[in-house]
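Each remark here refers to the structure printed beneath this line.
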Amino acid sequence: MATEYEVFEVDGREIRISNPGTVYFPQSGWTKGDLARYHVECAGALLVQLRERPCMLKRFPGGIDTKPIYQKRVPQKRPEWLQTAVLKFPSGREAEELVPVDAAHLLWAVSLGNVDWNPHPVRRSDLDHPDELRVDIDPMPKAPWDHVRRVALIADEVLREHGLVGFPRTSGSRGMHIMVRIHQRWDFPTVRAAALALAREVEQRSEGMATATWWREERPQDAVFVDYNQNAKDHTVAAGYSVRPVPDARVACHLGWEEVPDCELGDFRIDTVPERLRTVGDPSATIDETAGSLDSLLELAGGAG
């Protein structure tokens, strides 16, 4: 049988999506074609989070119930217009990774079965100095969702006290992320040290709701882990507006801080976020205008800026 295709024309390029009727989310029925259309509709918001960042692909060619393919290296057979960057890892290895710059790049990845996006916290122009500090609020198994929201608000309070602007979002899975743009002055270990100082300060203020304890077996099962290690080199987190491989096709959706106390994870999905962007807009649209200094957090850590 001949392979079916759906053709998208974006950015002056023609992207063919094979087997668009393949159901990628069996529980909710969303297909590969639906995923492609989501990326066309939400490309602007996605690219705020992805543009010029090397990305690891997380491919599910047979849908989310199949084993994912974690792909750092772009295939040798690829369009000549595809943009990439070569990352060098602590192990000494290197990988040529995809660098999305427009909607055509997003659709090309979807054509390979990519579901969610996992960018590095650096830009192609400087791969050694992050421009983003990432606060990952990850609940332990017995932690209630409300603790996630309340810990996020405490983290916002600490960030503001140290002259930084955080942009919250649902993770699309179980927790929340707060993304913080920073000046490209510090290397990965220094950014991680600042994130650890933040995590410990949040822990102190949380009245037992949050923990910065690294060893999982030592964390309270009803606490929220503030995962500072997501700022280590070669670590990635799902990007804002990335569809996540969960049954109801939830999206990692940026919020205004006023929305955090009452937000619910299941409200932000592949079928609701496009309309939200049209009506509410993107609360993170100005994130690139807010880069700040880590000096104050590093003083808290006992380090030097």
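Worth pointing out:
- Per-residue extension of 0.36 nm, minus the Cα-Cα distance of Asp102 and Asp222, leaves a gain of 39.1 nm for this segment.
- Across the cross-link table entries Lys88/Lys233; Lys72/Lys233; Lys67/Lys233, which are compared at the Cα atoms, the separations over 18 Å belong to Lys67/Lys233.
- For the range 203-305, the set of chymotrypsin sites (Phe, Trp or Tyr not before Pro) satisfying both a DSSP loop assignment and a count of at most 11 other C-beta atoms within 10 Å is given as Trp215.
- Cα gyration tensor shape for the range 1-70, rounded if a/c is under 1.5, else prolate or oblate: oblate
- Qualifying GluC sites (Glu not before Pro) in the range 155-242, where qualification requires a DSSP coil assignment and no more than 16 other C-beta atoms within 10 Å, comprise Glu207.
- For the range 221-302, the fraction of C-alpha pairs farther apart than 21 angstrom is 48 percent.
- Across all directions, the average flat footprint of the convex hull enclosing the Cα atoms of the range 58-192 is 10.5 nm².
- Surface share of carbon and sulfur [accessible, 1.4 angstrom probe, percent] for the range 102-204: 46 percent
- Inverse of mean 1/r across different Cα pairs in the range 147-265, Kirkwood, Å: 15.0 Å
- In the context of the full set of protein chains, residues of the chain present 43 Å² of accessible surface per residue (probe radius 1.4 Å, heavy atoms only).
- Kirkwood Rh, Cα atoms: Rg over Rh of the chain: 0.96
- Pairwise centroid distance, computed over Cα atoms, of the range 130-192 with the range 1-75, Å: 27 Å
The values are calculated or read from the model by the stated rules, or taken from the named source; none is laboratory data. Only a predicted model underlies this, so the values are computations on that prediction, with no experimental measurement involved. For neighbour counting, all protein chains shown are included, and Cβ atoms are generated from backbone atoms with ideal geometry for every residue, glycine included. When the accessible area is computed, the model is the full protein with side chains, heavy atoms only, and any ligands, DNA or RNA have been set aside. Shrake-Rupley method; radii C 1.70, N 1.55, O 1.52, S 1.80 Å.
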